[in-house]
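Structure record follows, encoded as structure tokens.
The values are calculated or read from the model by the stated rules, or taken from the named source; none is laboratory data. For clarity, every value in this text was computed on a predicted model and none was experimentally measured. Heads up, the Cβs are rebuilt from the backbone with ideal geometry, glycines too, and the neighbour counts pull from every protein chain shown. Ligands, DNA and RNA are stripped out before the accessible areas are found, and what is left, the full protein with its side chains, is counted by its heavy atoms. Shrake-Rupley method; radii C 1.70, N 1.55, O 1.52, S 1.80 Å.
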Amino acid sequence: MRWSKALIPTHKEDPSHAETTSHKLMLRAGLIRKLTSGVYSYLPLGWRVLKRIENIVREELDAVGCQEILMPVISPAELWEETGRWGVYGKELWRVKDRNGREFALGPTHEEVVTDIARNEINSYKQLPFTVYQIQTKFRDEIRPRFGVVRAREFTMKDAYSFHRDEESLDETYRAIYDVYSRIFDRCDLVYRPVEAATGAIGGSSSHEFMVLSDTGESEVIVCECGYAATSEQAEGVIADVMPVEEPGAMEEVATPGMKTIEEVAGFLKIDPWRLVKTIVYVADEEPVLAVIRGDREVNEEKLAGVLGADIIEAAPPAVIEKVSGAPVGFAGPVGLANVRQVIDRSVEPLRNIVVGGNKADTHIRNVNHGRDFTVASFEDIAQIGKGDACANCGKAMDSFRGIEVSQVFKLGTKYSDSMNATFLDENGKAKPFVMGCYGLGVSRTVAAVIEQHSDDDGIAWPMSVAPFEALIVALNNLKSDAVREAAEKLYEELKGLGVDTLLDDRPDSAGVKFKDADLIGIPVRVTIGDRGLDKGIMEVRLRKSGEKSEVPKENAGAEVLAIVNGLRG
RNA sequence: CGGGGCGUAGCGCAGUCCGGUAAGCGCGCACGGUUCGGGACCGUGAGGUCGGAGGUUCAAAUCCUCUCGCCCCGACCA
């Protein structure tokens, strides 16, 4: 491709609305342009990278016998109603109506559609197991699109689905896909880590996420020396006990005018935050629930939903809080609210003489003791675990890092086949539900992840495996110098003939502009052709990532570049 | 949705508090010329419903009301 004719619009300055490295660079290097919040066009450079990643994904999945298909973006509401997700998926499910008012979903994921195919087409255990996948544009009406392509409302995802006669077969495929993902991310030259994950709206029994390490990542991962690694939503751990031994005192009300937060109350009463116990009102599947936890800790809503067996859980609006506690927001407590379902965190168990909300305006209660002043059916684990907490396996203090979740694999079991009545006949002629797995991989997100790990102050430095071009020829002063122009054209044609994907910078711009742009767009191998070198009979080859330079005789530049590119192809 | 911020030329911004000079600056773009190995220089020029609607006023980018959009922090997830 000739740069003078290509749509590669670069910018000198950082875009004002971008925060993260990858978002800034994707905009500056002309990979993408925003249409509206969370919706992007891919320009030639971005589209080329996306396709290269797609092809890696294809190659690796095809190699283990997965079959590529393409399902519709649009699916009818009735299908989603079969599994209950028309309701459960919530506002994130992008809904549209046709001219007759019939409702459809723009697919955020395709369990329903693929299960529909399976129940119609697969009748016998002899046809199992099998795995299909597609690479497609997905739609999720995200609460908050962010970081460009990292959290978009329209994005490219590879989603695969496997069907099995039993759990053993599922385990096998799950393991195989897990290994395939490792190979895919290895080939993209990413530093990543698989971690235990929560199952969220997709559901199922077990799940792992592949996290690409990045300080700008949205997800926090909790890790332990012993090998344990999980997302912060999922992480299990032990919260250190800080309570000294104390005799229970007499419960008493204390006036705390206007003190709504833990910090305010702790400061006012001159006590440590852990001596307070906070009570947060949630609405779980439309029923109000109290979550009670030590004052210096946060509730993990994922865990709370698990304990409650609830599908949808959200912080209660003020009106509900006031109705439940009989007090303004900030003064709820477990004492005297036995009529509301309460979930008490394990961190509360060792505490004595705690301070809780008084369920009355401007009032807290001190010297409260569980068992005596409010009843606890059982202590549950609903706490958010973080860096420094003890590992549930080995007891060591855990660490944390941030990452971008590029893929997630789920063991779905029979969640979808049961609700959609998708069955096959086994050897005994008995109908059994498919055991399923599903495996997502964010392709567009992976583009951003690669940039996060492969860039410097000057711009992107693509790994050869996903680079939009393999080589860039920079022709200096090509407008005036016939020698340069001819040499550049010749090398360009030669490299094309040798199968090297090459971009020729034949723009009439100054050397500085071309070099800056070259660094920005990050093509791995750069060949500089100028009169100065040509007079010496050489061209300069420079590697973007290492900055390593070499001079090659101009006559065999083509062969030399091919050898270097081959070396980086891996 | 809660909290914070921002909409002025393709991009990055000033001007808004305190209404009034001809809507400005840098980059980019077009044309002419000089340059030519790390974002060159000179000259000329094009490009704006100041996000939108309504209002106040002799006068609105600037004040008021409503509205739309965008970004950041939190809840969601590939």
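Here are some notes:
- For the residue pairs A:Lys138/A:Lys490; A:Lys24/A:Lys158; A:Lys24/A:Lys91, the C-alpha atoms sit more than 32 angstrom apart in A:Lys138/A:Lys490.
- Positive-end residue, chain A charge dipole about Cα centroid, Cβ charges, pick of A:Ile529, A:Gly65, A:Thr20: A:Ile529
- Rounded to 10°, Cα long-axis angle of helix A:557-569 versus longest principal axis of chain A: 20
- A 1.4 Å probe over all protein chains sorts A:Lys138, A:Lys490, A:Lys270, A:Lys24 by accessible area into A:Lys270, A:Lys490, A:Lys24, A:Lys138, starting with the largest.
- Largest first, the residues A:Cys391, A:Cys226 sort by 1.4 Å accessible area into A:Cys226, A:Cys391.
- Accessible area of A:Leu479 (1.4 Å probe, protein heavy atoms only, ligands and nucleic acids ignored): about 120 Å².
- Each of A:Val113, A:Gln342, A:Ser206 was scored by the projection of its Cα onto the charge dipole of chain A, and the greatest displacement toward the positive side belongs to A:Val113; charges sit on the C-beta of Lys, Arg, Asp and Glu.
- Compared with the dominant principal axis of the Cα atoms in chain A, helix A:511-521 is inclined by about 40°.
- Accessible surface of chain A, 1.4 Å probe, proportion on carbon and sulfur as whole %: 48
- A:Asp482 - accessible surface, heavy atoms, 1.4 Å probe, Å² rounded to 10: 80
- Accessible area of chain A divided out per residue, in Å², using a probe of 1.4 angstrom: 44
- Over the stretch A:412-570: Rg over Rh, Cα atoms, Kirkwood Rh: 1.33
- With one equal scatterer per alpha carbon and no solvent term, the Debye-computed log10 I(q)/I(0) for the stretch A:252-380 at 0.09, 0.17 1/Å reads -0.22, -0.81.
- Spin-label pair A:Ser400/A:Ser37, simplified geometry with 7 Å Cα→Cβ offset, distance in nm: 2.7
- Taking Cα centre as origin and charging only the Cβ of basic (Lys, Arg, +1) and acidic (Asp, Glu, -1) residues, the dipole magnitude of the stretch A:252-380 rounds to 540 debye.
- Note that the stretch A:1-104, at 10 °C in a medium of 1.306 mPa s, gets a Stokes-Einstein diffusion coefficient of 90 µm²/s from its Kirkwood radius over C-alpha pairs.
- Start at zero, step by 10 Å, and the Cα-Cα distances of chain A spread as 3, 15, 20, 20, 17, 13, 7, 3, 1, 0 percent across the bins.
- Sites A:Val329 and A:Lys5 - FRET efficiency at Förster radius 51 Å, r taken between beta-carbons, to 0.05: 0.25
- Here each label is just a point 7 Å from Cα along the line to Cβ, and for A:Lys12 and A:Arg144 those points are 3.4 nm apart.
- Whole-number percent relative contact order across the stretch A:469-569, with pairs defined as alpha carbons under 8 Å at least 6 apart: 31
- Solvent exposure, largest accessible area first (probe 1.4 Å, DNA, RNA and ligands not counted), of A:Thr10, A:Thr256, A:Thr261: A:Thr261, A:Thr10, A:Thr256
- Dipole magnitude of chain A about its Cα centre (Cβ charges: Lys, Arg +1; Asp, Glu -1), debye to nearest 20: 1420
- Rounded to 10°, Cα long-axis angle of helix A:482-497 versus longest principal axis of chain A: 60
- Take each peptide in A:37-44, A:549-556, count the other Cβ atoms within 10 Å of every residue, and average; sorted highest first, the result is A:37-44, A:549-556.
- Packing order of peptides A:93-100, A:309-316, A:327-334, highest average first: A:327-334, A:309-316, A:93-100 (average count of other Cβ atoms within 10 Å over each peptide's residues).
- Its Cα centre serving as origin, the stretch A:469-569 has a Cβ charge dipole (Lys and Arg +1, Asp and Glu -1) of approximately 300 debye.
- Spacing of the two label points (7 Å from each Cα toward its C-beta) at A:Asn428 and A:Arg58, in nm: 4.5
- Cα gyration tensor, the stretch A:17-175 - rounded (a/c under 1.5), prolate or oblate: oblate
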